[in-house]
1. Six or more apart or on different chains, Cβ atoms under 7 Å: show the pairs whose first residue is in segment 66-84 and aromatic (Phe, Trp, Tyr) and whose second is surrounded by 10 or more Cβ atoms within 10 Å (Cβ to Cβ) and part of a loop (DSSP other than H, G, I, E, B).
2. Given (1) farther than 20 Å from PHE79 by Cα; (2) modelled with pLDDT of 95 or more, where does PHE50 come up short, assuming only one miss?
3. Checking the condition more than 10 Å from the chain's Cα centre (by Cα) and either surrounded by 18 or more Cβ atoms within 10 Å (Cβ to Cβ) or outside any strand (DSSP E or B) (or both), which residue from LEU34, LEU12 passes?
4. Specify which of the listed residues (GLY48, GLY44) is closer than 16 Å to SER15 by Cβ and not acidic (Asp, Glu).
5. Filter segment 15-31 down to residues that are among the aromatic types (Phe, Trp, Tyr) and in a strand (DSSP E or B), then give me how many there are.
6. Which one is farthest from ASP3 (Cα to Cα), of the residues in segment 65-107 that are touching a helix residue (DSSP H, G or I) at 6+ places or on another chain (Cβ under 6 Å) and exposed (fewer than 12 other Cβ atoms within 10 Å of the Cβ)?
Amino acid sequence: MTDAEKQKLIELLDSLVMVAVPKSTKVAKYGGTLYTLRPDEKEGQFCGVFPYKAHVQLSFAQGTLLDDPEELLEGSGKFRRHLTYQSLDDVDAKVVKRFSKASSKPG
């Protein structure tokens with residue numbers, strides 16, 4: 001994955017999260033972008049886009065609480081789950097928006 005491809009992927013995921021949850025505030029943190037509805041509270045962060053060497057990850061803070069009948073979410077941590085993308089073709093806009101919206105709602 002080239003840096004240009006990675007940047008396009010980050011921009012696509014960013015735009016989909018912002019369409020799904022337009023009142024989000026972006027916070028640059030941990031080498032990526034966190035999205036929150038309550039910028040003054042750590043607990044307000046609901047997802048983030050993080051670049052890695054070979055992929056870009058869309059991570060959900062309370063991913064274990066999300067409805068995922070297709071078992072698309074990856075990860076085995078206590079709370080967090082993520083989607084991994086290696087190209088623009090991997091991105092299903094409906095899936096990204098659905099999980100982003102759901103993750104932004106208070107549990």
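1. Once the first residue is aromatic (Phe, Trp, Tyr) and sits in segment 66-84, its partners that are surrounded by 10 or more Cβ atoms within 10 Å (Cβ to Cβ) and part of a loop (DSSP other than H, G, I, E, B) give PHE79/ALA61; PHE79/GLN62.
2. (1)
3. Only one candidate passes the filter, namely LEU12.
4. Exactly one residue qualifies, and that residue is GLY48.
5. 0
6. It comes out as GLY107.
The values are calculated or read from the model by the stated rules, or taken from the named source; none is laboratory data. If you're wondering where the values come from, they're calculated on a predicted model, not measured in any experiment. Quick reminder, even Gly has a Cβ in these numbers, built from the backbone with ideal geometry, and neighbours come from all protein chains shown.
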